[in-house]
Amino acid sequence: MGLAGAFVNESLPLFLESLVALDEALSLIAAAKSVPDSVTHLRLLLKRLANIEVETVQSADTWWSRVVEDIRHTASHSAYAAFEIADAHGRPETVTASGTLCAHPEERLWSELRSAGLPPDRVRKVHTELEPCLMPGHYCSLWMASEFPDAQFTHNFDYGQTAASREQGFVELLRHAASARS
């Protein structure tokens with residue numbers, strides 16, 4: 001199977017079947033009225049992925065397990081990102097965005113800024129609640145380092161490279177958000 005997390009599926013047909021399962025589950029998760037409903041659909045997705053090919057979800061650090069983990073995190077809490085950019089006159093301006101299902105806040109924010117015509121070299125600072133990730137489909141730490149090589153990066157909570165470290169950072173974020181509301 002190679003490196004932990006590198007194995008996706010044994011064959012293209014199994015991968016495509018897994019993608020169909022993911023697509024169907026995402027529709028249900030997006031339509032869920034509550035976090036418990038989302039969790040139910042996530043559990044069913046994990047079972048379906050295991051029925052397709054059990055090796056893909058035997059460990060919390062496999063590629064498919066990380067995909068489901070990311071969906072669970074983005075479905076249950078909207079994290080935030082802030083960029084300090086240079087405005088048209090070179091003055092600093094701070095812009096923010098929240099994440100949403102399957103979209104990290106830094107992805108959403110950069111998509112909006114890029115669509116508005118902002119060149120990457122005007123991004124001076126990037127602050128995220130969670131440390132930029134190496135999650136399948138996102139790889140935020142990689143694309144941001146490439147896109148904004150001169151920017152300063154900060155974050156509130158470590159996210160890490162293992163399922164346990166990512167969960168610890170996510171729980172810390174949830175606790176912080178809960179304490180800010182009370």
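The values are calculated or read from the model by the stated rules, or taken from the named source; none is laboratory data. Just so you know, these numbers come straight off a predicted model, no measurement behind them. Cβ atoms come from the backbone with ideal geometry, glycine included; neighbour counts cover every protein chain shown.
Checked against (1) buried (at least 18 other Cβ atoms within 10 Å of the Cβ); (2) touching a residue at least 40 places away in the same chain (Cβ under 8 Å); (3) of a type in the set (A, V, I, L, M), Leu101 passes all but condition (1).
Only residues that are under 18 Å from Ile71 (Cβ atoms) and of a type in the set (Gly, Ala, Ser) were counted across the range 125-159, and they come to 1. Against the list (1) charged (D, E, K, R); (2) surrounded by fewer than 16 Cβ atoms within 10 Å (Cβ to Cβ); (3) under 13 Å from Ser78 (Cα atoms), the condition Glu106 fails is (2).
This table checks each residue for (1) free of Cβ contacts under 8 Å to residues at least 24 places away in the same chain; (2) more than 29 Å from Glu129 (Cβ to Cβ); (3) over 19 Å from the mean Cα position of the chain (by Cα).
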| site | (1), (2), (3) |
| --- | --- |
| Leu16 | yes, yes, yes |
| Val20 | yes, yes, yes |
| Val39 | no, no, no |
| Leu46 | yes, no, no |
| Trp63 | no, no, no |
| Val67 | no, no, no |
| Ala81 | no, no, no |
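Can we say Val35 is closer than 23 Å to Cys133 by Cα and either in contact with a strand residue (DSSP E or B) (Cβ under 6 Å, 6 or more places away or on another chain) or loosely packed, with under 15 Cβ neighbours inside 10 Å (or both)?
Details: closer than 23 Å to Cys133 by Cα: yes; either in contact with a strand residue (DSSP E or B) (Cβ under 6 Å, 6 or more places away or on another chain) or loosely packed, with under 15 Cβ neighbours inside 10 Å (or both): yes.
Considered against the rule, which asks whether it is closer than 23 Å to Cys133 by Cα and either in contact with a strand residue (DSSP E or B) (Cβ under 6 Å, 6 or more places away or on another chain) or loosely packed, with under 15 Cβ neighbours inside 10 Å (or both), Val35 comes out as yes.
Give the residue, chosen from Arg48, Arg66, that is in a helix (DSSP H, G or I) and closer than 25 Å to Leu174 by Cβ. Steps first, please.
Numbers: Arg48 fails: closer than 25 Å to Leu174 by Cβ.
Of Arg48, Arg66, the one residue that is in a helix (DSSP H, G or I) and closer than 25 Å to Leu174 by Cβ is Arg66.
Criterion applied to Phe148, Phe153, Phe157, Phe170 was being at pLDDT 95 or above, crowded, with 16+ Cβ neighbours inside 10 Å, more than 19 Å from Thr74 (Cα to Cα) and not aliphatic (A, V, I, L, M), and the one residue passing it is Phe148. In the range 136-157, the residues that are of a type in the set (Ser, Thr, Tyr) reach residues that are in a strand (DSSP E or B) with C-beta atoms within less than 9 angstrom, at least six apart or across chains, in these pairs: Ser141/Phe153; Thr154/Lys125; Thr154/Val126; Thr154/His127; Thr154/Thr128. For the range 79-98, residues that are buried (at least 16 other Cβ atoms within 10 Å of the Cβ) and of a type outside the set (A, V, I, L, M) total 3.
Pairing residues of the range 170-182 that are in contact (Cβ under 8 Å) with a residue 40 or more places away in the chain with residues that are aliphatic (A, V, I, L, M), at Cβ distances under 9 Å and at least 6 apart in sequence or on separate chains, gives Phe170/Ala79; Phe170/Leu130; Leu173/Ala79; Leu173/Leu130; Ala177/Ala79. For the range 94-115, the condition holds for at least one residue, the condition being that it is acidic (Asp, Glu), part of a helix (DSSP H, G or I), more than 13 Å from the chain's Cα centre (by Cα) and assigned by the TED database to the domain that holds Val171.
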